[in-house]
1. Mind counting the residues in segment 1-40 that are part of a helix (DSSP H, G or I) and either of a type in the set (A, V, I, L, M, F, W, C) or touching an Asp or Glu at 6+ places or on another chain (Cβ under 7 Å) (or both)?
2. Quick check on my filter: what residues within segment 9-49 are β-branched (Val, Ile, Thr) and either at pLDDT below 95 or within 10 Å of the chain's Cα centre (by Cα) (or both)?
3. Filter segment 28-41 down to the residues that are in contact (Cβ under 8 Å) with a residue 12 or more places away in the chain and hydroxyl-bearing (Ser, Thr, Tyr), then identify the one that is surrounded by the fewest Cβ atoms within 10 Å (Cβ to Cβ).
Amino acid sequence: MTDQRFVDFAAQTDMAEANLGQLAQTAASSQSVKDYAQSLVTDHTNDFH
């Protein structure tokens, strides 16, 4: 795997986790799941800033 492919893969994985966190925030009924989902969104969107 080239360095560029690794960086691309890591970025896609980060974005997928942020998107899944957003989905969990809206679909979950448990507040603890929603809280964890929020931390996923925060952690994985801050990586791009």
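1. Start the filter on segment 1-40 by keeping residues that are part of a helix (DSSP H, G or I), which leaves 3-27, 31-40.
Keeping just the survivors that are either of a type in the set (A, V, I, L, M, F, W, C) or touching an Asp or Glu at 6+ places or on another chain (Cβ under 7 Å) (or both) gives 6-7, 9-11, 14-16, 18, 20, 23-24, 27, 33, 37, 40.
Residues flagged as part of a helix (DSSP H, G or I) and either of a type in the set (A, V, I, L, M, F, W, C) or touching an Asp or Glu at 6+ places or on another chain (Cβ under 7 Å) (or both) within segment 1-40 amount to 16.
2. First, pick out the residues of segment 9-49 that are β-branched (Val, Ile, Thr): 13, 26, 33, 41-42, 45.
Residues satisfying the conditions are THR13, VAL41, THR42, THR45.
3. Of the residues in segment 28-41, the ones in contact (Cβ under 8 Å) with a residue 12 or more places away in the chain are 36-41.
This time we only want the ones that are hydroxyl-bearing (Ser, Thr, Tyr), so: 36, 39.
Numbers: TYR36: 15, SER39: 11.
So the residue we want is SER39.
The values are calculated or read from the model by the stated rules, or taken from the named source; none is laboratory data. Nothing here was measured: the structure is a model prediction, and the numbers come from that model. Please note: Cβ atoms are built from the backbone with ideal geometry, for glycine as well, and neighbour counts cover all protein chains shown.
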